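Peer 1: Pasting in a structure now, in structure tokens, and then I'll have a few things to ask.
Bear in mind that the values in this text are calculations on the coordinates, not laboratory data. Owing to the predicted nature of the structure, the values given are computational and were not obtained by experimental measurement. Quick reminder, even Gly has a Cβ in these numbers, built from the backbone with ideal geometry, and neighbours come from all protein chains shown.
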Amino acid sequence: MRRRAPSLLVAVLAALATLLLAAPPASAHTELESSAPKNDTLLTHTPATVNLVFSEPVDPDDVHIKAAGKPLTLTRGADAKAVHVIVPKTSGQDHLTLNWQVLDMEDGHTTSGVLSFRLTAQASATDAAAPPVPQPSETVHTAWITARWVGYLTLALYVGGLAFVALLWPQGAGDRRTRRILTLSWAAGLAASLVTPGLQSAYGATGTLGDVFRRATYTGLSGTEVGVVAACRVLMWVLAAIVLAAVLQGGNRTARSPGWRVGALAVTVGLLRTTSMTGHNSEGTHPGWGEVADLVHLLGVSLWLGGLMLLLFGVLPRRRPEELSAVVSGYSTLAGVSVAAIVAAGAVLTWQVVGSFDALVDTGYGRLLLLKLAVLALVLAIAQRSRGWVRTRLDIAVLLRGDRATVRPFVHSVAAETGLVLVVLAATSLLVTSAPGR
């Protein structure tokens, strides 16, 4: 079995490299394709309007244009990709500078730039410098990344924890530590789903942390795809409370009930789907593949990490022989299937979003993805060591009735594996909040 692992890893890496080399470039975020007048045009007077055409359909509410620090009025253009900017008349100026920023309708990332027009023939490079382009707040960006990390972590703990209890350890519904993990993951997941869209909106509008708590920030999202998905995610977390309350009250019997399992499965699919809709999976030439792969990827990580946490903090501290025999062996199989799903779905997502080998090594997004893959490879090596313990020492641990010295190496291995998976989730949060191919 151990000899097959390196061969399997080589095969997976070879398949991933083939996909990267053969894949067409993926589409980027919304960019400014053209303007009328064109950038750096010499004009005899201030234009009444400037027409902007973007690479993708845009909502005028998601486009922000400023001149001399003041926001300008926009109207819809001739098609969904165009907007008209109404420019107020000015006098005594040699330059007109427009700072533009657009929010991507798919995932809420921002793209910005500058348009500059010379207004007199006497203007030269020695004229006064244009006002600085407003930049998104790094504090808001950091808070946004943190909120996304918390969202991924709580999703994994809730979904993976419920699956662990339902499939492997129904009696765990009555365990105090397990109940606490599930309850805290639900509460933190709901909080993250409430604050994340506000942080994303504030970052896109170059706002501050204070804007996150303003009603107008969320009102502006109400008619956008990002806002609709965020509202659906909050609703799914509310429904998740009903599923959680039922198993906490009913315990072992409820965890084994087919009706409860169907309800938990429905809520799980809803949480996974509304989370995957905020990533980069809809980009590229085959967005349907990306959406399915992202759903499988999230499910695999949730089953893996959620199971690890309950195994580490729920099952192992009890050191009950019958639980060690049934649960640890069962989770080893479940984790193996989950890892296989993660690797397969990850290969599809890499091909879908990055699109080429050059983008993988020459862009910040690609290098961050490589770092994530490196950490994941280390996690798999540790996981292989854990499975080796299950094959060779689980029976001994059961015979010794969960002897602490016998179980301790496995506990350390599971703890290291859990910590590294949290690092992978942090890298995922950075990838989701950054633009591919840049």
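Peer 1: Taking R0 as 22 Å, what FRET efficiency do you get between residue 167 and residue 187 from their Cβ-Cβ distance, rounded to the nearest 0.05?
Peer 2: Details: r = 24 Å, r/R0 = 1.08.
According to the calculation, E is roughly 0.40.
Peer 1: Label residue 44 and residue 209 with points 7 Å out from Cα along Cα→Cβ: what is the distance between them in nm?
Peer 2: It works out to 5.4 nm between the two label points.
Peer 1: How would 302, 201 line up from fewest to most surrounding beta-carbon atoms within 10 angstrom?
Peer 2: Starting with the residue having the fewest Cβ neighbours, the order is 302, 201.
Peer 1: Measure off 7 Å from each Cα along the Cα-to-Cβ vector at residue 116 and residue 265, then give the distance between these two points in nanometres to one decimal.
Peer 2: Calculated label separation equals 6.1 nm.
Peer 1: Full extension from residue 141 to residue 235: what is 0.36 nm times the residue separation minus their Cα-Cα distance, to one decimal in nm? Write down the numbers at each step before the final one.
Peer 2: On the way: separation 94, 0.36 × 94 = 33.84 nm, distance 2.50 nm.
Full extension from residue 141 to residue 235 adds 31.3 nm.
Peer 1: Find the all-direction average of the projected area of the Cα convex hull for region 136-239, expressing the result in square nanometres with one decimal place. The partial results should precede the final answer.
Peer 2: Values: hull surface 28.3 nm².
Its Cα hull, projected and averaged over all orientations, spans 7.1 nm².
Peer 1: Further, regarding this structure: What's the extension gain from residue 219 to residue 51 if we count 0.36 nm per residue and subtract their Cα-Cα distance? Intermediate values should be presented prior to the final figure.
Peer 2: On the way: separation 168, 0.36 × 168 = 60.48 nm, distance 2.68 nm.
Difference between extended and current length: 57.8 nm.
Peer 1: Fewest Cβ neighbours within 10 Å first, please rank 211, 62, 79, 294 accordingly.
Peer 2: Working: 211 18, 62 23, 79 8, 294 26.
So the ranking, lowest neighbour count to highest, is 79, 211, 62, 294.
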